[in-house]
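Taking it in order: structure first as structure tokens, then the write-up.
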Amino acid sequence: MTTPRTHTFKQSPEEAYARFEIEPTPYGDETSHEALLHLLQRAEKNISKSPFRLVPASFNPLDPSLTAFPRPLQSEWQSLRLYLKVLESRAVMMLLPLFWQMESATYRVCRDSGLLFFVADISNTPVNSLAIDSLTIDTIITTTQDCQAVLSYLSTKQRNIPRSWVFVHSVDAVPQHIPPEFSTGTKVAQEVHVFPGVPILEQCGSLIERRAKTFHASDSYTWVFKSDRTLITSAGDDPLPFIRYRLPFVAIEQGVCVCGKAEIEYFHE
Ligand SMILES: [Zn+2]
């Protein structure tokens with residue numbers, strides 16, 4: 001239904017895959033998640049030969065098919081930089097699962113923006129609660145699930161709820177609504193990651209201001225939106241590029257945002 005944008009690879013997929021001594025074929029029309037995992041497992045023995053940043057190719061540490069996904073060494077969490085600016089953050093608590101290994105990327109953004117940065121673990125709720133007060137944390141980066149745990153504790157203790165939140169959704173999780181405990185003044189930025197630290201759906205300042213449940217497609221990928229499937233292809237910066245990788249949801253374009261980009265909503269089958 002949508003014409004895929006054309007793009008130029010910095011290197012061809014064949015060249016990229018050859019570095020790992022694997023071939024990107026045969027795929028057919030799309031790469032399934034299982035096929036991608038198979039490729040990653042075959043590439044694993046050669047991943048350590050080059051300086052990549054590695055992220056887990058799963059959100060679940062108990063995933064039996066857990067493997068590593070290589071990212072460029074210089075890759076940065078650019079979208080977070082925008083969120084923290086729009087949210088007017090001054091002190092940030094990192095509350096994503098430690099297994100996701102997103103602390104260093106978050107630290108770099110906070111350091112460059114001159115923001116206080118505090119790494120927390122969800123199981124340390126009493127400590128986290130005190131840190132929110134003593135460090136005047138105004139922004140928490142977390143999942144919607146862990147947000148509920150924090151809100152539950154803070155409301156039990158009758159403590160203030162930080163005014164800004166960044167939600168990172170895993171690609172296979174059904175998107176959650178903004179918690180009803182949030183006041184109208186609470187700001188929320190949201191994005192969707194295909195693997196931890198690999199954003200594919202992001203938000204702009206307008207979507208954040210509107211607390212929209214829609215997203216913008218990341219420019220790091222070209223997208224194919226069909227009625228029954230959504231495919232992404234890396235637009236050049238992934239060492240091991242996605243090639244018509246089928247996402248576990250169907251994304252639908254829902255009009256155009258004031259920023260000029262299509263607004264996207266997604267549904268799991
Ligand atoms: Zn926008």
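What follows is calculated from the coordinates using simple rules that are stated; it is not laboratory data. Source: prediction; values computed, not measured. In this analysis, Cβ positions are derived from the backbone assuming ideal geometry, glycine residues included, and neighbour counts consider all displayed protein chains.
Things worth noting here:
- Ranking of K261, K226 by count of other Cβ atoms within 10 Å, fewest first: K226, K261
- The equivalent ellipsoid of the stretch 34-155 has semi-axes of 31, 19, 11 Å, largest first, where each one is the square root of 5 times an eigenvalue of the Cα gyration tensor.
- Candidate lysines for bridging to K187, where Cα separation is under 24 Å - those fewer than 8 sequence places away on the same chain excluded: K85, K157, K213, K261
- Viscosity 0.692 mPa s, 37 °C: Kirkwood-radius Stokes-Einstein D of the chain over Cα pairs, µm²/s: 168 µm²/s
- Cα centroid of the stretch 56-123 to Cα centroid of the stretch 148-218, whole Å: 14 Å
- Whole-number percent relative contact order across the chain, with pairs defined as alpha carbons under 8 Å at least 6 apart: 20 percent
- Global form of the stretch 78-212, assessed from the alpha-carbon gyration tensor, a/c cut-off 1.5: rounded
- Only helices enter this figure: runs of n ≥ 4 DSSP H residues, each worth -39500 (n - 2.57), summed and divided by the residues of the chain, yield -7500 deg cm²/dmol at 222 nm to the nearest 500.
- Using the Cβ-Cβ distance between S155 and I178 with R0 set to 22 Å, the FRET efficiency works out to roughly 0.90.
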